[in-house]
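Comments concern the structure below.
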Amino acid sequence: MATLTSPSGAARREVSAIGRPPSLLDHLLRRFGRAILIGIPLAFLVIWTMVPIIWALLASLKDPLEIYESTTFLPRDPSLRAYWAVLGMDGFPRWMFNSILVTVVATIVPLILSILAAYAFAKYLFPFRHVLLLMYLIPRIIPRVSLIVPLNDLMTDLGLINTYWVLYLTYIASAVPLATWILVGFFKAVPKEIEESATIDGANMWNRLRYVILPIAWPGVVTAAVLCIREGWNEFAFVLALVTETGMRTLPYALYMMRDAMGVQDFAIYNAFTILTVLPLLLVYLLLERRVVESIVSGAVK
Amino acid sequence: MAEGYVEYRGLKKSFGATPILHGIDLKIDEGAFVVLVGPSGCGKSTLLRMTAGLEGVTEGQIRIAGNVVNRVHASKRGIAMVFQSYALYPHMSVNENLAFSLKMRKAPLERITDAIKGAAGILQLSPLLERLPAQLSGGQRQRVAMGRALVREPAVFLFDEPLSNLDAKLRVEMRAEIKALHQRLATTTIYVTHDQIEAMTMADTVVVMHDGRIEQVGEPLAIYDRPENLFVADFLGSPAMNLLDGKVVATDFADQPRAVEVTDGVLLPIPSEAEAEVGQSVVYGIRPEHVQLVAPDAGEPVTMTLVEPAGWETHLHADLKGISLRILSVERVGAKPGDKAAILIDPERVHLFDRATGRRL
């Protein structure tokens, strides 16, 4: 039974926590502090990232001349004209195909290589593994632009300029370190005993990786896959430097070239192209978002 | 000499330059329940992991069923291991967890189903088969871990501190379950724990380890009643044995020609057969439950310093002329700190150790 003279538990805690009775300001801060601390930066971030996309989307639906009028925000007479124009472009299907092909290869191959490499780095004790893992970072530490000239020379010598191979090789080389570093962390988080248990249960290395490690570290694999997809899809510097033929362009490159190609700037078409370039990536994100968030959260808590 | 079912011969293990095991020789009979017990870092888990094939052998031999298994893969040694952390596959249901080892062995589906049914029946897992480990309580997870070991029908069960993650009540229950399981299956079992109660209650044979060496091997009560050295005497028993430094002296009593002087003027009796010479420095050991509390003038006078009633027994701390003494009474003692009392010691209950070597005298 609580006695009349003792304050309630909650009140006691508040008094002892701040050393004085709570004021109205304290109450409001406690009530809304969370919303202020988290909500405002979050809202700012959402606006910051969404405004360009929304602007591009609205602009793509406008009449070309309407875009130059700064008085309208929403399109006066929304039309899909620009989208049909983009989809009707001679090279567009080819560029889309190139982007998809290169991205798929630059996701699957690095994932396979990285899963194997990360498994070794995470679970096996071999000499120089720390140094090797650090060396993995070199391709990502060196600015991409500084690689372009030597890469161009090398690929010209190898006769790979204007082939898919040049994109596969450079994209894979760039994605492997990223995916490996992500996966090493996830694989390391799988408790040693679980793998030992599988060893005693008769699972060899492949089976342990396939049936035990990969399913447990699956959110990490998805995270690595999403980042590989993003890298491949958005890559610009290498394709710009190593591809010259129109038919070998990817979407970001084609988008860049479009600016110069159009005599009169049709910003509606330009923005429609942008939206069509971003859209597949957005779809992938939406499909995999839950997995990625799960993995980021689990990484943070563990 | 007869071979043990599991046998270690001159077994040594080092991690780099650090020696962990210094030469283990031990024979474990078929069907025995052997508990390796010792403080953390004594090498007991390493010994178990070497038996399982999860750690290599630096020197010596491990034999299972007559075969040297030093270079045999963990999955081919005929062992099954239950880990402290259960090590269940978190993405598999209980059913799949149980089936995994048999699937890896490509056992026919019928055999897998039968084995799971059998193990689930023994361990009362049948209603849980579709659940994931995360949906199970600690005790249930522990049972799944045991079930996973069971389906393999191993020649040797290895348990690595399997009850450490459970709360006290569940630990007592699981202790009984594991023992009952062993009585039912009679499979050779090696069980590692740092908990001496587990060691005492579960084992046919207790192996006390310390610093990478075996200190003593024997039946639990035999070791408890007759520890071979100071370490074992101190390690086994809760509350721990009273160990008092003293010197053997000659007395004027005909029936007790020798005694141990633990402090000025305090002579404590020693067993008549103890091989101790007058003048020898010794450690005088007496278990708290063997110190008899009597009326103030009926024995060696002590002053109570601390009284801890535990319900079923009372732990007392008493001052014997500057020496702190633990006393355990199964009766409810109404004493308070500061009260005067006296103690009597039955010489046959006394353990005498050489202070220099720590060996029993």
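None of the figures in this text is laboratory data; all of them are computed from the coordinates on show. Everything numeric in this text was worked out from a predicted model, so none of it was measured. Ideal geometry is used to build each Cβ from the backbone, glycine not excepted, and the neighbour counts take in all protein chains shown.
Brief remarks follow.
- A Förster radius of 60 Å combined with the Cβ-Cβ distance from B:Arg111 to A:Trp84 puts the calculated FRET efficiency at roughly 0.40.
- Under 5 Å, built H, 5+ apart or other chain: amide partners of B:Ile24: B:Gly10, B:Leu11, B:Lys12
- Rounded, prolate or oblate (a/c below 1.5 giving rounded, otherwise prolate when a/b exceeds b/c) for the protein assembly as shown by Cα gyration tensor: prolate
- Span-rule helices in chain A, defined as complete DSSP H runs reaching 30 Å or more along the axis (Cα) with Kyte mean at least 0.0: A:92-123, A:164-188, A:267-301
- Enclosed volume per residue, in Å³, of the convex hull spanned by Cα atoms of chain B: 172
- Since only B:Val35, B:Val302, B:Val260 are under comparison, the one whose Cα sits farthest along the positive direction of the charge dipole of chain B, derived from C-beta charges on Lys, Arg, Asp and Glu, is B:Val35.
- The mean sequence distance of close C-alpha pairs (under 8 Å, at least 6 residues apart), as a share of the length of chain A, puts its relative contact order at 27 percent.
- CD proxy at 222 nm, helix term only [per DSSP H run n ≥ 4: -39500 (n - 2.57); per residue of chain A; nearest 500]: -23000 deg cm²/dmol
- Those residues of region A:206-225 whose amide nitrogen sits under 17 Å from the label point placed on A:Leu113, 7 Å along Cα→Cβ: A:224-225
- Dividing the mean sequence gap of close Cα pairs (under 8 Å, 6+ apart) by how many residues chain B holds gives a relative contact order of 15 percent.
- Over 24 Å between alpha carbons, listed pairs B:Lys12/B:Lys44; A:Lys188/B:Lys117; B:Lys247/B:Lys340; B:Lys76/B:Lys106; A:Lys192/B:Lys27; B:Lys44/B:Lys117: A:Lys188/B:Lys117; B:Lys247/B:Lys340; A:Lys192/B:Lys27; B:Lys44/B:Lys117
- Computed over the alpha-carbon pairs of region B:242-354, the distance histogram in 5 Å steps reads 2, 12, 22, 25, 17, 11, 7, 3, 0 percent, short to long.
- Modelled label positions at B:Ile197 and B:Asp25, each set 7 Å beyond Cα in the direction of Cβ, lie 3.6 nm from each other.
- When DSSP beta bridges are restricted to pairs lying wholly in region B:6-235, around 55% turn out antiparallel.
- Contour minus Cα-Cα distance for A:Phe32 and A:Trp165 (0.36 nm per residue): 42.3 nm
- The shape of chain A comes out oblate: with a ≥ b ≥ c from the C-alpha gyration tensor, a/c is at least 1.5 while a/b does not beat b/c.
- P(r) tail fraction, region A:96-160 - alpha-carbon pairs more than 13 Å apart, %: 76
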